[in-house]
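Please treat every number below as a calculation from the coordinates, not as lab data. From a predicted model like this one, the values you see are computed outputs, not experimental measurements. All Cβ positions, even for glycine, are placed from backbone atoms using ideal geometry, and neighbour counts span all protein chains on display.
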């Protein structure tokens, strides 16, 4: 068997625009698991926002969350390894957010916290409400993000959205220049801010090594800029057809979009 690990981004990759997994993908991944292949989710999401997908795939591997900020074990319900954002740096980001009038979600501990209900927050909450109660992620509205950051045990990342993507990019440039934090596009109108050095690729490499394997044993699927760190390190990095051209150019191969059974086809072709 050429590849022993399948690493999967969620949004824009394994998930359709309706946030579902194609039945063909579920079947192919189940067959891969039965053959002894390890399936690992590598996502920008908080661990509390991937329950339905983790359970649909019946996984037993830990999940790499928040663009590599931490590794979460669902069986033990605990963080296995993490590099959270220091509180002082989080407070500086919040100060800049106020100055630039940009809002978003603060990912901490076991919840996602917000101060203003922006469109991104509302859409995510609406999706959450469509889930069974035991699978719903926890959203908490607070009067002060700064206070919430002080009280958190671990700060994973900021997920910032804005209708003007130029304003969002300008803000990311300021944060990178003034604070040296990692700023990555995770969606067409969302930038994630986290501790410098964190990445999907880095955390995936650590976990793969813990399994006695190398990144050459991994086939990975992604669609956005926060996926490049893993797509460029693994044995076979695959970009989705719906990805930006810049992502496709840097991936080893490009397949169909997340609306097509392209992931399943590639698993049958390259893994099974």
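Quick notes on this structure:
- With both residues required to sit in the stretch 158-263, DSSP beta bridges show an antiparallel share near 60%.
- With semi-axes defined as the square roots of five times the eigenvalues of the C-alpha gyration tensor, the equivalent ellipsoid of the stretch 69-161 measures 22, 19, 10 Å, largest first.
- Share antiparallel - DSSP beta bridges, the stretch 20-104, percent rounded to 5: 90 percent
- Helix-only [θ]222 nm of the chain, DSSP H runs n ≥ 4, -39500 (n - 2.57) each, per residue, nearest 500: -10000 deg cm²/dmol
- Förster-model FRET efficiency, 45 Å R0, residue 259 and residue 92, C-beta, rounded to 0.05: 0.65
- Separation of alpha-carbon centers, the stretch 103-169 and the stretch 41-78, rounded to whole Å: 17 Å
- Pair residue 214, residue 165: separation of 7 Å Cα→Cβ label points (nm): 3.7 nm
- The order of 107, 114, 54, going from fewest to most other C-beta atoms within 10 Å of their C-beta, is 54, 114, 107.
- More than 28 angstrom apart: percent of Cα pairs within the stretch 1-150: 25 percent
- Spin-label pair residue 60-residue 73: with each label point 7 Å from Cα along the Cα-Cβ axis, the two points sit 1.4 nm from one another.
- Each of 185, 156 has some number of other Cβ atoms within 10 Å of its Cβ, and from fewest to most they run 185, 156.
- Per the Kirkwood formula applied to alpha carbons, the chain shows a radius of gyration over Rh ratio, Rg over Rh, of 0.95.
- Using alpha-carbon coordinates, inclination of helix 87-100 to the longest axis of the chain, degrees: 70 degrees
- Computed on the stretch 179-272, the Cα convex hull volume stands at 98 Å³ per residue.
- Segment residue 153-residue 130, length gained on full extension (0.36 nm per residue, minus Cα span): 5.4 nm
- Fully extended contour minus Cα-Cα distance, from residue 179 to residue 34, at 0.36 nm per residue: 47.6 nm
- Scattering curve values for the stretch 147-195, log₁₀ I(q)/I(0), Debye with Cα scatterers, q = 0.17, 0.23, 0.32 Å⁻¹: -0.52, -0.84, -1.16
- Computed E for residue 143/residue 80 - FRET, C-beta separation, R0 25 angstrom, nearest 0.05: 0.15
- Tail beyond 13 Å, pair distance distribution of the stretch 220-272 (Cα, percent): 50 percent
- Counting only DSSP beta bridges with both residues in the chain, the antiparallel share comes to about 60 percent.
- Value of relative contact order over the chain, rounded to a whole percent, pairs C-alpha under 8 Å and six or more apart: 22 percent
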